[in-house]
Each structure stands twice: as structure tokens, then as C-alpha cells.
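See below for the structure under consideration.
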Amino acid sequence: MNDATPEPAYNFAYLDEQTKRMIRRAILKGIAVPGYQVPFASREMPMPYGWGTGGVQVTAACLVPEDRLKVIDQGADDTTNAVSIRRFFARTAGVATTTRTADATLIQTRHRIPETPLHAGQILVYQVPIPEPLRFLEPRETETRKMHELEEYGLMHVKLYEDIARHGQIATSYAYPVKVSGRYVMDPSPIPKFDNPKLSDSPAIQLFGAGREQRIYALPPYTKVVSLDFDDHPFTASKAAHVCDLCGARASYLDEVITDDLGGRMFVCSDTDFCTDRQAHGKRGRLSAPISGGAA
Amino acid sequence: MNTHTLSGGFADAPIQSAQAFRAILDAMARPGKIMALHGAAPPAPLSMAAGVALLTLTDATTPLHLAGAADCAPVRDWVAFHIGARLVKAGDAAFALGTWAALQPVTRFATGLPDYPDRSATLIVEMDRLTNHGPTLTGPGIETATWLSLPETAAFRANRALFPMGFDCLFTCGSRIAGLPRSTKVEAL
Amino acid sequence: MYVAVKGGERAIDNAHAWLAEERRGDPSVPELSVAQIREQMRLAVNRVMAEGSLFDPDLAALAIKQSRGDLIEAVFLLRAYRTTLPRLASSHPVDTGAMAVDRRISATFKDLPGGQVLGPTFDYTHRLLDFKLAAEGTVPPAPQTATTAAPVPHVMDILNRDGLIEAATPDNTLPPDLTREPMELPAARALRLQAITRGDEGFILSMAYSTQRGYGRTHAFVGELRIGHVAVEVDIPELGFAVEIGEIELSECETVNQFSGSRTQPAQFTRGYGLVFGQSERKAIAMSLVDRALRWQELGEDFTGAPAQDEEFVLMHADNVQATGFLEHIKLPHYVDFQAELELVRRLRADAIALQEAAE
């Protein structure tokens with residue numbers, strides 16, 4: 001599918017060549033030091049800060065005309081911001097777009113990792129609002145930079161331990177901090193902790209862009225990524241204890257959809273491509289339409 | 001300035017540099033994986049891959065060190081015309097280019113700061129051959145282990161010991177390129 | 001549901017069409033021209049240029065029209081356009097001492113060489129709604145007088161001659177460029193000034209006001225406020241000399257602040273500095289106060305914990321394009337994270353209720 005014809009008024013993928021080179025150098029340094037946040041001179045983009053400008057700049061620096069681009073927000077291809085970003089690149093880079101995870105060569109995401117396992121030919125670009133995992137424990141950049149330098153992550157463990165003391169378990173459900181290759185503590189962006197295990201040992205390249213905060217970081221393929229935990233309180237990747245009401249999937253991350261004001265609700269896969277694909281292969285859930293003779 | 005100075009750049013920079021970057025990204029993200037680069041014709045003694053890497057990654061904002069035979073008038077003129085990078089001594093370079101012998105001692109190059117390990121040099125090392133035979137590589141980007149015809153092991157082991165500081169390397173030979181970030185563990189076979 | 005429904009693309013197109021219609025308003029009322037905004041909303045244009053970091057009154061006026069008068073949105077439009085522009089040259093530093101002043105006042109001297117020039121100011125207007133403006137009409141021309149070509153020296157230079165104020169020695173090192181390099185802290189004064197001059201006027205105003213109320217007090221007097229036009233000169237390598245490529249309007253404020261010194265070190269006043277595009281004097285004055293408050297370390301003063309003294313706090317929160325984007329992004333869908341929180345709270349409640357029941 002192709003959303004629009006490319007606009008000749010702008011350079012390929014919008015950014016000028018010097019800006020792309022600057023971003024590309026930052027990406028390579030990020031790859032060389034997995035989990036370390038590389039400062040970069042983020043540019044004002046035609047969409048607001050906080051709406052994926054970091055991811056958009058990383059995508060712009062990586063795109064080639066042969067790419068097939070997928071953009072998701074909350075796991076869905078048809079959320080308005082995903083539509084807007086996909087259109088932006090269809091217009092400025094003329095690349096083909098797709099909603100199919102398996103067919104995409106570059107996927108820009110906000111808040112989810114697709115359910116379908118990624119493969120070696122793919123790049124996953126995350127939009128990151130606050131790249132610093134220590135930021136809400138220590139607001140000063142000058143301090144957190146020192147903490148990363150000295151590998152001084154005690155504050156994070158204290159925070160997680162206080163959760164356990166108070167609630168009996170770690171009370172962080174998304175943007176759950178991870179340690180990369182045994183060195184840097186990293187914010188995986190606000191993905192649900194359900195997705196954390198997919199970060200580790202992925203065959204794909206994972207790139208993280210924070211535009212407003214001017215940081216890029218990366219996970220090369222096959223990098224060990226460990227969610228922080230304690231021996232007596234091991235990390236668990238949790239989700240709603242339901243199955244998808246549309247495709248019957250048991251192991252996918254679910255959205256809770258309120259269907260009326262009497263407490264009625266349904267659970268559906270947050271990954272729309274995954275769910276659609278399962279339904280196309282005849283999988284059915286509690287509320288699926290019965291299989292008719294023709295197409296669904 | 002001869003005619004060769006003006007030629008040998010990208011014909012379509014936005015597209016060619018994007019394609020080249022993807023290959024370089026793959027090379028750096030998958031240490032030891034040999035990729036192909038095309039689209040530049042730099043003057044001798046530069047390989048095509050080294051020329052493409054320079055055009056893709058360097059510009060007037062990146063101080064460049066040319067070492068040994070690469071530090072010759074045709075290359076300097078080509079760099080001045082196509083790239084505009086300031087030519088500097090080894091210790092000030094963001095990028096350096098030369099054979100492994102010419103780049104010695106590599107301890108001259110910036111390895112970053114403890115709080116800013118990204119402020120380190122990238123070495124573009126011209127090779128006579130580039131194959132997947134040689135020392136063993138393990139680490140981020142490598143599923144189990146791979147091999148690369150590195151010129152030695154000691155310098156890369158010393159560089160790895162500085163992690164997260166250290167320099168990063170791109171090895172070039174003809175149109176081929178492979179990467180070795182500081183994170184890779186190198187062991188002699 | 002505004003998400004998870006097909007048709008997101010159509011919804012966006014329809015929203016844009018509706019927005020365009022609302023922007024135009026009642027079509028029986030004549031449409032505003034960009035020139036009208038540029039000429040008659042000039043202070044809004046100035047603010048958009050200052051915070052957009054781009055001196056172009058026509059584009060700023062267009063941005064105001066496009067943004068329906070939302071000035072932060074207009075600043076954003078200008079910044080996004082600015083990003084796409086190549087940098088062709090860097091100008092020489094402008095010489096504000098040679099400014100053709102429209103307004104020039106000093107609060108520290110009754111009269112001074114060059115005189116007090118009120119200029120086009122609201123200062124002594126009585127803030128009474130002028131209903132004559134509701135009816136269209138022509139304005140009688142303001143009285144004119146011949147300008148004297150006499151120079152208008154900086155007040156600070158007069159003070160400086162006697163060593164009464166800290167010297168501001170010219171520094172020719174290349175300053176960092178906030179628009180081309182990531183912000184690095186601690187920041188040099190040149191970087192701080194860049195961040196403040198493009199910072200949100202409301203934020204800088206409040207920071208400055210807080211210093212006046214004792215949160216990092218610096219005892220500021222307006223040594224001089226001058227507004228006018230300066231020449232912009234650029235070196236042309238082919239010619240080997242600089243040529244004037246145009247003029248820009250600037251507001252410059254220099255404050256005279258509390259003195260430093262000791263028994264052995266002769267007492268001296270200190271300075272704060274503000275420089276802003278266009279006639280933007282509130283911003284220029286506020287900028288000079290915030291600049292001065294941020295200089296506590298350099299001047300050997302105490303950090304009292306005042307927000308305006310806190311460089312990281314001020315610089316990281318002054319930019320309204322960053323702030324508004326991040327603030328407004330919380331209206332984007334967050335249901336995946338909310339679902340994770342919902343599950344967590346349900347689990348915590350179930351655990352606590354089970355414990356309660358076991359205790360009973």
C-alpha cells in the first residue's frame with residue numbers, strides 16, 4: 001500500500017543530508033555502546049515533541065527507498081498518530097508501507113513490541129519520551145550521567161525494593177528498567193513489561209530515539225537484556241488473565257475495551273496485525289462473528 | 001586540483017548515502033558480517049568502501065585524520081571537495097583512515113570520556129583482504145561466534161578492556177566492509 | 001473510540017478540513033492578509049520570531065495566520081520551517097552600540113549622552129479600552145523631529161570608564177550553537193543566553209519576577225534598554241570583506257546589579273544581559289534578570305535554591321515548543337500502559353483483600 005506520492009519539495013526522508021549524517025553517527029555510537037544514551041542535536045520536526053520526533057528522526061536517517069515501513073502506536077497500525085507518521089514518510093520518502101509485521105523491513109513503534117517474532121532483516125525504532133531510566137529518581141541530568149559513568153544503580157534497586165516492602169511486589173508495569181549486556185541500565189520506552197523479554201537476543205536491530213531529550217540509544221541484535229529484579233522477587237512478564245475475544249490468542253498482550261456502561265467489556269489483542277492474521281487463518285474468539293461461507 | 005578531485009562522489013547523495021548507511025549500520029551492528037558498499041570512486045589508494053564510508057559519515061563537522069599513504073594530495077583534495085572535513089592529527093580525530101600499520105599506535109585515538117564514551121574515534125582500516133577467517137568474535141550483535149581476518153588481536157583486546165570507552169573500527173577492502181565495535185570480544189583462534 | 005477503529009486516515013483528513021474552515025471564520029468578514037498581521041500585530045510577530053529563532057516578519061505573520069493566533073503553535077511552525085533551511089553563512093556579531101535607536105531609556109541616570117528616547121511605548125498610556133479603534137479610521141501622523149546623527153553610547157560603557165561595573169571583555173571564541181548541538185550541562189553563559197532568548201516569554205518573565213520577590217534576588221536596575229535597528233554583516237569570501245545583507249530590529253537590555261567586592265577587592269556593580277529579536281522589551285528585561293541570577297557561581301555568590309539560579313531547571317524547561325509538545329502528548333493514546341497499570345492495581349488489590357480476609 002502507498003499512502004501518497006512523494007513530495008519533491010523536500011529532501012529524501014525530509015531531513016537534510018548533514019542532519020542525517022549527524023544522526024547516523026549517533027546511531028553507530030549507540031550500537032557500539034549498547035544501552036548508552038548518545039546525545040544528538042535533535043531537530044524541530046513538523047510534528048510536536050512528545051509525538052515521536054525522536055523515532056521519526058531515527059527512521060528518517062535509516063530509511064532507504066526499498067524499505068517497507070510499518071508504523072504502530074499501542075500495537076495498532078490504525079491509531080491516528082501511527083497513521084500520521086506513516087503518511088509523513090510515504091510523502092517525504094516515497095517508501096512502501098505495510099501493516100504486516102513479517103513483511104516490514106523497518107517498524108516504528110510507540111509503546112509495543114509486535115507479537116510476531118522479528119527477523120534479522122528488520123529494524124525496530126522506538127519512540128522514547130524520557131530516555132533516562134533514573135530520571136524520576138534523580139531529576140538532574142548532571143547527576144544521572146555521573147551515576148551511569150560509575151555504574152551506580154543502587155538508587156534504582158532501592159526504588160524497586162521499596163515497592164516490594166510496600167506492595168509485596170515490584171509496582172512498575174511499563175517502562176520497566178533493564179540492564180544491557182551487564183553494563184548500562186536502560187529505559188526500554190513505555191512498553192508494558194510483558195514485552196520486556198522480547199528485547200533480549202532479538203535478531204533485529206533495535207534503535208531508540210528521544211527527540212525532545214536529544215538522545216539516541218540502541219540494542220544490536222543478540223544483545224543480552226535483563227529486566228531488573230531480585231532473587232526472591234523475580235521479574236514476571238504479566239498481562240490480563242484473559243484470551244483475545246476476537247482471535248482466541250492466549251499469549252498476546254490484550255487491550256480491555258469497555259462495551260457498555262453496565263460493566264460489559266471485552267479483551268482484544270493490542271497487536272492488530274497479529275490478531276487480524278490469526279482471524280484470517282480461522283482462529284476465533286468468544287465474540288467473533290461465526291465463520292461464513294465467504295470472506296469475513 | 002585535477003579533474004579526479006571533482007568526480008567520484010555520490011551521483012544521488014540522499015539515496016546512495018541512505019543505502020550505504022544501512023550497510024554500515026548492519027556491519028557495525030553485526031560485527032564480522034561483511035557487507036558491500038557502492039557508489040563512490042575515490043582516488044588511489046582509497047578503496048571504494050572507504051570512500052563511500054567517508055561520504056556517508058563525515059562532513060565539515062567531523063575532524064578527520066589521514067594516515068600513511070592515505071595522506072596524499074589527491075585524497076586531501078578529494079576530501080576537501082566532497083566532504084569538507086578538517087584534517088587533524090590523530091588525537092583530535094573523530095574519524096581516521098589508513099592501513100592498520102599506518103594507524104599505529106592506535107592508542108593515539110580518542111576513546112571517549114567516562115561520562116561521554118560516544119566521543120571516541122571511528123577508525124576506517126584499509127585491508128588487503130577481508131574474509132571470515134581469523135580471530136573469533138563474540139559479544140553484542142553476534143548470535144554465537146563469528147570470525148574475521150583482523151590484523152591482530154592484542155590491540156582489540158586492549159580496546160575492549162576500556163569498555164564502555166574505546167574506539168570503533170570499520171574494515172574496508174575493495175567494495176567490502178565489516179565492523180568491529182568496542183563491545184566485541186576478540187580471541188585468537 | 002477514537003482509536004482502534006478503521007478510518008483513522010479519513011478522520012485526520014476531515015479534522016484538517018474542519019480546522020481550515022474554522023481558521024477562516026465567518027466568510028462574510030474580510031480575510032486577514034499576512035501583510036495586515038505583519039504591520040498591525042507586530043508585537044506578536046516579534047514574539048514569534050524571537051521564540052522561533054528566525055528573523056522573518058512575513059513568515060512569522062503567515063505562521064500566526066495559520067495558527068489562528070496561537071503564538072506557541074506559530075513559533076512551532078517557524079521552528080519546523082527553520083530546520084529545513086541550509087546554513088549559508090554566519091554573520092559578524094551585530095554592533096548594538098551603532099544601533100539606530102527608536103527607543104532608548106536608562107533608569108539609572110536622569111539624563112545622559114544620546115538622551116532618553118521614549119519611542120513607541122505603552123508605558124504611559126492609560127489602559128482604557130479605546131472604542132475609537134472599534135471603528136475603522138485613519139490615525140493622524142505622529143509629530144516628527146529631525147534626528148541627530150550623534151552616537152548613542154551604551155550606558156554601561158560610561159560606567160565602565162570608571163571601573164564601577166565589571167568589565168565585559170570581548171570574547172572571540174566560537175560560541176556553542178543550541179540549534180546544532182545537543183544541550184550540554186553545565187552550560188557556558190553564551191549557551192544560556194541562547195536558550196533564554198528563544199525561551200518562552202511567560203516562563204522567562206515568571207523566573208525574572210521570582211528573583212525580584214527574593215528567590216535569588218540580584219537588585220537589578222535597568223541600566224539601559226534600547227530598541228532599534230542594527231546592520232547584519234556577512235563575510236563574502238570571494239570579495240574578501242564583509243557586506244551588509246540587511247537590518248534586523250533588536251531589543252537590548254543591560255541591567256546594573258548588586259555589587260561584589262571586599263575590603264581588598266574594590267566594589268563593583270555586576271551585569272545582566274538581554275537581547276531579543278524585534279521590539280520585545282518585556283522579554284529583554286526578563287532575560288537580563290534571569291541571566292544575572294544564573295551567574296551566581298561565576299560571581300562567587302551562594303546558591304540559595306532559588307529556581308532562577310538553577311541552570312538545569314531553567315534551561316531544560318524554558319523552551320515552549322518542547323514543553324507544549326510533551327505536555328500535549330499525554331492526550332495521545334496510552335491505553336497499553338494504562339492496561340498494564342490496571343492489571344497491576346487489580347492484582348495488588350486482590351492480594352491485599354485476600355490478606356485482609358485471611359486475617360479475619
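Numbers for the structure displayed
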read-out: Size of electric dipole in the range A:180-266: Cβ of Lys, Arg +1 and of Asp, Glu -1, about Cα centre, debye, nearest 20; value: 420
read-out: Cα→Cβ-extended label distance, 7 Å offset, between C:ALA100 and C:GLN265, nm; value: 4.3
read-out: Distance from the range C:22-53 to the range C:303-354 (C-alpha centre basis), Å; value: 35
read-out: Highest-MSF residue in chain C out of C:ALA20, C:ALA146, C:ALA242 [GNM, Cα springs under 10 Å]; value: C:ALA146
read-out: Loop-resident sites, the range C:155-223, for trypsin sites (Lys or Arg not before Pro), counting at most 13 other Cβ within 10 Å (DSSP); value: C:ARG180, C:ARG213
read-out: At q = 0.09, 0.13 Å⁻¹, base-10 log of I(q)/I(0) for chain C (Debye sum, equal scatterers on each alpha carbon); value: -0.66, -1.19
read-out: Under the Debye formula (equal points on every Cα, no solvent term), log10 I(q)/I(0) of the range A:36-133 at q = 0.19, 0.20, 0.24, 0.25 Å⁻¹; value: -0.90, -1.00, -1.41, -1.51
read-out: Test item: Cα-centred dipole of the range A:239-285, Lys/Arg +1 and Asp/Glu -1 on Cβ, debye; value: 300
read-out: Hull shadow area, averaged, the protein assembly as shown [alpha-carbon convex hull, nm²]; value: 47.3
read-out: Listed residues C:VAL276, C:LEU112, C:GLY305: farthest to the positive end of the dipole of chain C (Cβ charges); value: C:LEU112
read-out: Accessible carbon and sulfur surface of the protein assembly as shown relative to its total accessible area, %, 1.4 Å; value: 57
read-out: Spatial separation of Cα centroids for the range C:67-135 and the range B:23-96, in angstrom; value: 47
read-out: For the protein assembly as shown, with +1 on Lys and Arg beta carbons and -1 on Asp and Glu, the positive-most of A:THR98, B:THR131, C:THR84 along the dipole; value: B:THR131
read-out: Cross-link pairs A:LYS179/A:LYS239; C:LYS110/C:LYS283; A:LYS283/C:LYS331; A:LYS70/A:LYS283 - those with Cα-Cα distance over 29 Å; value: A:LYS283/C:LYS331
read-out: Hull-based mean projected area of the range B:10-187, where the convex hull spans the alpha carbons, in square nanometres; value: 9.2
read-out: Selection from C:ALA220, C:LEU185, C:ALA195 lying farthest towards where the dipole of the range C:175-231 points positive, charges on Cβ; value: C:ALA220
read-out: Inter-site label distance for C:LEU185 and B:GLU143 at 7 Å from Cα along Cβ, in nm; value: 4.4
read-out: The protein assembly as shown - charge dipole about Cα centre, Lys and Arg +1 at Cβ, Asp and Glu -1, debye rounded to 20; value: 1300
read-out: Surrounding net charge for B:ASP92, when Lys and Arg each add one and Asp and Glu each subtract one, Cβ distance under 15 Å; value: +3
read-out: Total formal charge among the other residues, if their Cβ is under 10 angstrom from that of C:GLY325, Lys/Arg +1 and Asp/Glu -1; value: -2
read-out: In Hz, Karplus ³J(HN,Hα) per residue of the range C:257-268 (6.51, -1.76, 1.60; θ = phi - 60°; x = Gly, Pro); value: 10, 3, 8, 10, x, 8, 4, 9, 8, x, 5, 8
read-out: Local net charge near C:GLU21, Cβ-Cβ under 14 Å (Lys/Arg +1, Asp/Glu -1); value: -1
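The values are calculated or read from the model by the stated rules, or taken from the named source; none is laboratory data. Note that the structure is a prediction, hence the values are computed from the model and not measured. Virtual Cβ from ideal backbone geometry, glycine too; neighbours counted across all protein chains shown. Side chains are part of the model used for accessible areas, which takes the heavy atoms of the whole protein and leaves out ligands, DNA and RNA. Shrake-Rupley method; radii C 1.70, N 1.55, O 1.52, S 1.80 Å.
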